[in-house]
Ligand code: FES
């Protein structure tokens, strides 16, 4: 009889212990998830505030100019903003970061050749930033382009690395 009771006690104790550790695990998991959600929210807010505080400067949102100021087939250096605004023959826009994906030198647009060149090790890229050299293994990075009230804007907070140029990287002003 005593033996049976002893066994019962042990089983009950084990269950309670399991329940406690499961509850503790779930509570800890919920706390971690809550913490992660707060961190993500905080990170997004900081990014937004940073973009706003740097509005007009590299690292923030830059208003480049009116859409019509950029003729199709043009490549315009945006001074102090570290990118070129490219408008292709079909009227689509791209903001191409001037940093070479090889070792980070500043690339230049050579209009006579219709290419971007890196002065450090002579890598070259076409008008869309696609690479033509074995030195580099990816296209030039880009920044998101968007339109507001007829103005072209570039979000220099978000550098977008890409293995190759794709047509979906070209942004067209939505028809009204
Ligand atoms: S840094 Fe541009 S080719 Fe090396």
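Laboratory data are not the source of any read-out in this text; all were calculated from the coordinates shown. A quick note: this is a predicted structure, and the numbers were derived from the prediction, not measured. Backbone-built Cβ (ideal geometry, glycine too); neighbour counts: all protein chains shown.
The number of residues in the stretch 108-146 that are more than 10 Å from the ligand (Cβ to nearest atom), on the phi < 0 side of the Ramachandran plot and more than 23 Å from the chain's Cα centre (by Cα) comes to 8.
Scanning the stretch 89-107 for residues that are touching a strand residue (DSSP E or B) at 6+ places or on another chain (Cβ under 6 Å) and within 16 Å of the ligand (Cβ to nearest atom) gives 96, 97, 98, 107.
This table checks each residue for (1) assigned to a loop (DSSP other than H, G, I, E, B); (2) without any contact (Cβ under 8 Å) to a residue 24 or more places away in the chain; (3) within 15 Å of residue 64 (Cβ to Cβ).
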site	(1), (2), (3)
77	no, no, yes
85	no, no, yes
89	yes, yes, no
96	no, no, yes
173	yes, no, yes
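Taken across the stretch 75-82, residues that are within 16 Å of the ligand (Cβ to nearest atom) and in contact with a strand residue (DSSP E or B) (Cβ under 7 Å, 6 or more places away or on another chain) do occur, with at least one present.
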